[in-house]
Amino acid sequence: MSDAARVRTLASRRASESFVRGLAAGVTALTVVGLASVLFSVVGYGARGLSMTTLTALPRPAGVPGGGVANAIVGTLLLVALACAIALPVGLLAGIHLAEARTGKLVRLARTAADALAAVPSVVFGIFVFGVLVAWMKHFSALAGGAALALTMIPTVTRATEVAVRAVPERLREAALALGATRHRVIAQVVLPSAARGIATGVLLAVGRAAGEAAPLLFTAWESRFFCDDLREPTASLPVSIFTYTISPYDDLHAQAWAAALVLVSLVLVFQVTARLLSKRRDDVS
Amino acid sequence: MSTVPPSTPPPPHVEKMRAENLGAKFPDAVALRGITMPVIEHKVTAVIGPSGCGKSTFIRCLNRMHEVVPGATTSGDVLLDGKSIYGSAVDPVGVRRKVGMVFQKPNPFPEMSVRDNVLSGLRLNGIRPASPDVVVEAALTQAAMWDEMRDSLDRPGGSLSGGQQQRLCIARCLALEPEVILMDEPCSSLDPIATARIEELIHDLRERYTIVIVTHSMQQAARVSDLTAFFYLGELVEYGLADVLFTRPEDPRTEEYITGRFG
Ligand SMILES: Nc1ncnc2c1ncn2[C@@H]1O[C@H](COP(=O)(O)OP(=O)(O)OP(=O)(O)O)[C@@H](O)[C@H]1O
Ligand SMILES: [Mg+2]
């Protein structure tokens with residue numbers, strides 16, 4: 001290759017490299033701008049509608065000023081708690097089993113199932129619970145909502161648990177076995193404590209996502225104008241309230257939808273940030 | 001090649017353990033064939049031989065850790081106090097309590113405190129000691145690290161130096177009061193000073209325990225062991241008193257190995 005040719009290819013390589021780099025920077029900037037504008041409008045509009053009443057009062061009929069979304073906040077927390085009560089035992093046990101058993105037909109099948117479940121749109125879980133639980137109980141309920149959210153969480157919790165349990169070094173298991181521990185004690189006293197942060201990170205991510213889901217709740221938990229005092233009754237939730245208020249024709253309800261959105265985003269942010277902090281700490285230790 | 005009987009009859013002794021025609025396989029390789037040798041009570045037995053000759057596999061067969069590897073199997077038998085540890089009614093968990101193990105790479109539980117590491121063996125067996133502080137002090141003292149650690153009992157095990165970690169693993173093993181201690185190259189990741197401390201420790205521990213130590217260092221084997229076994233290609237080539245084996249080996253392969261012509 002002549003010197004001139006070498007210079008030219010070098011120059012063109014430099015040019016294409018800087019083009020790609022510029023493109024990447026541009027796309028990154030776009031993402032940041034998009035995210036920022038969403039946050040900005042939620043905070044901007046939400047803060048305007050937000051007040052102590054929004055946080056503490058029940059909804060009023062449209063046109064009557066001064067209502068709030070307190071029942072939806074409580075409802076969302078309740079639904080998430082219910083979903084955890086169902087999804088955590090299932091997801092943790094499944095994840096531990098997948099990680100410790102490693103091979104076998106059933107294990108491969110379960111792993112494929114978990115992956116497939118993760119890919120199912122959440123609205124489908126809503127229809128499923130509607131068809132099974134709601135149809136059987138003959139009405140919407142907090143239980144059904146919790147079950148639908150649990151289904152969206154199980155794949156995430158399962159896979160996060162599997163990954164975290166697998167990441168526990170084999171030599172710690174061997175150390176425990178050589179001390180005369182049974183398999184169960186090795187898992188309970190050595191593996192799970194070592195994997196706890198990783199599992200917690202996965203659980204918090206799943207919880208954050210579930211808290212923001214409207215689709216699976218629309219035909220399971222439905223909505224309510226009151227606090228939920230019976231799990232067999234429907235309950236309000238922030239995502240569904242945002243949905244119904246936004247499609248309503250009233251301005252004050254629109255304002256409340258924004259306020260509810262701000263509350264929801266803050267809630268989800270708390271989960272996400274906690275998850276982040278946990279996974280950071282894990283990196284520091286190892 | 002048949003198994004070579006001990007050429008030098010060991011001194012009057014009690015056989016704590018005995019391998020009988022012991023074989024060990026991995027799914028894709030045979031690691032040990034026809035090993036027959038005793039392990040004498042209150043003596044230090046060193047296992048030497050070139051890399052890959054089956055030293056680790058051998059001692060892992062003595063506390064049934066070999067079978068922990070998926071697909072790994074054993075044949076023949078191992079006796080502890082004259083009774084088979086591979087009988088169908090024998091629980092490997094019970095065997096491992098009596099026959100403790102220290103690994104090549106120090107493996108304390110990194111996030112547990114020094115104190116909890118020492119107590120971990122008991123806790124993993126569901127035992128709550130009546131006076132845990134006594135157990136911790138006794139085990140750390142035996143492992144020659146009480147003075148060094150008495151003010152750092154709450155430090156996480158993973159934050160200690162390599163030599164401290166290894167002695168902590170020895171303390172963890174001792175807290176369970178095993179009868180036999182298996183050590184797989186316990187000094188391989190340590191500097192000469194830490195190595196010397198562990199060798200001293202082995203010397204002291206012989207009074208109360210029966211020790212089997214795998215080592216790559218002929219000098220170490222000569223220093224710490226009463227009896228030495230030379231393994232080659234998965235077989236036991238020679239076994240006998242350490243000073244005899246190192247000065248007047250019977251088998252030419254032993255001689256070649258200890259004079260450094262291979263391995
Ligand atoms: N987990 C395993 N799976 C398959 N084969 C193995 C495994 N571990 C060891 N082996 C094989 O078994 C044989 C004996 O291995 P072993 O670890 O007992 O040797 P060693 O004498 O301890 O060697 P070193 O001095 O290098 O530690 C070797 O050929 C090795 O390749
Ligand atoms: Mg080895």
For the pair A:Glu17 and A:Val124, how long in nm is the line joining their label points, each one 7 Å along Cα→Cβ?
-> 4.5
Binning every alpha carbon pair distance of the range B:196-239 at 5 Å from zero, what are the percents per bin?
-> 5, 19, 30, 24, 12, 8, 2
For the range B:20-92, just say rounded, prolate or oblate: build the C-alpha gyration tensor, square-root its eigenvalues into a ≥ b ≥ c, call rounded for a/c under 1.5, and beyond that prolate if a/b exceeds b/c, oblate if not.
-> oblate
Rounded to the nearest 10 degrees, what's the angle between the helix B:114-124 long axis and the longest principal axis of chain B, both from Cα atoms, 0 to 90?
-> 70
In whole Å, how far is the Cα centre of the range A:116-158 from that of the range A:6-61?
-> 32
Calculated FRET efficiency for the pair B:Arg208/B:Ser152, C-beta based, R₀ 25 Å, to 0.05 = 0.45
Probe 1.4 Å, accessible area per residue of the protein assembly as shown, Å² | 48
³J(HN,Hα), Karplus 6.51/-1.76/1.60, whole Hz, each residue of the range A:81-90, x for Gly, Pro = 5, 4, 4, 4, 4, 8, 6, 5, x, 5
Cut-off 13 Å between beta-carbons: net charge of the residues surrounding B:Asn117, Lys and Arg +1, Asp and Glu -1 | +2
Among A:27-33, A:79-85, A:232-238, how do they line up from the highest to the lowest mean number of other beta-carbon atoms within 10 Å?
-> A:232-238, A:79-85, A:27-33
Which value results for Rg/Rh of the protein assembly as shown when Rg is the Cα radius of gyration and Rh the Kirkwood radius based on the inverse mean 1/r?
-> 1.15
Normalised Cα Rg of the range A:1-93, dividing by 2.2 N^0.38 Å with N its residue count, works out at 2.20
On each of the three principal axes the extent of the alpha-carbon atoms of the range A:36-136, given in whole Å and largest first, is 61, 41, 21
Could you work out the per residue convex hull volume over the alpha carbons of the range A:90-219, in cubic angstrom?
-> 111
Once you list every other residue whose beta carbon is under 10 Å from the beta carbon of B:Arg60, what net charge do they have if Lys and Arg are +1 and Asp and Glu are -1?
-> -1
With axes computed from alpha carbons, what is the tilt in degrees of helix B:192-205 against the longest principal axis of chain B, rounded to the nearest 10 within 0 to 90?
-> 80
Rounded to the nearest 5, what is the percent of antiparallel bridges among the DSSP beta bridges in the range B:15-258?
-> 60
With Rg and the Kirkwood Rh both taken from Cα atoms, where does Rg over Rh land for the range A:33-74?
-> 1.11
The range A:52-285 - Rg and Dmax from Cα coordinates, angstrom = 20.4, 72
Express the relative contact order of the range B:172-240 as a whole percentage, based on alpha carbon pairs under 8 Å and six or more residues apart in sequence.
-> 30
So, in nm, how far is label A:Leu55 from label A:Arg108 when the simple model puts each one 7 Å beyond its Cα toward the Cβ?
-> 5.4
With only helices counted (DSSP H, runs n ≥ 4, each -39500 (n - 2.57)), the per-residue ellipticity at 222 nm for chain A, to the nearest 500, works out to -25000 deg cm²/dmol
Summed side-chain charge close to A:Arg21 - residues other than A:Arg21 whose Cβ falls under 15 Å, Lys, Arg +1, Asp, Glu -1 = +1
In Å², nearest 100, what accessible area do chains A and B bury in total when the solvent probe is 1.4 Å?
-> 1800
Per the Cauchy relation, a quarter of the hull surface: what is the mean projected area of the convex hull of the alpha carbons in the range B:1-128, in nm²?
-> 10.2
Mean per-residue count of partner chain Cβ within 10 Å for A:179-188 equals 6
Per-residue HN-Hα couplings for the range A:149-155 [Karplus 6.51, -1.76, 1.60; θ = phi - 60°; Hz; x = Gly/Pro] | 5, 4, 4, 6, 7, 3, x
Relative contact order (percent) for the range A:52-285, with alpha-carbon contacts under 8 angstrom and 6 or more residues of separation?
-> 27
Would you mind listing how long the range A:145-222 runs along its three principal axes, going by Cα atoms, in whole Å with the largest first?
-> 54, 18, 13
Starting from the Cα coordinates of the range A:156-286, work out the convex hull volume and express it per residue in Å³.
-> 131
Considering the Cα trace of chain B, what is its radius of gyration and what is Dmax, both in angstroms?
-> 18.2, 55
In what sequence, highest mean first, do B:85-92, B:235-242 appear when ranked by Cβ atoms within 10 angstrom?
-> B:235-242, B:85-92
Rounded to the nearest 0.05, FRET efficiency between A:Leu77 and B:Arg223 (Cβ-Cβ, R0 56 Å) equals 0.25
What residues have an amide H closer than 5 Å to that of B:Ala24, excluding those fewer than 5 places away on the same chain, when H is modeled at 1.01 Å from N in the peptide plane?
-> B:Ala31, B:Leu32, B:Arg33, B:Ser75
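The values are calculated or read from the model by the stated rules, or taken from the named source; none is laboratory data. Small disclaimer: the values here were computed from a predicted structure and weren't measured. Cβ atoms come from the backbone with ideal geometry, glycine included; neighbour counts cover every protein chain shown. These accessible areas exclude ligands, DNA and RNA; they are computed on the full protein's heavy atoms, side chains included. Shrake-Rupley method; radii C 1.70, N 1.55, O 1.52, S 1.80 Å.
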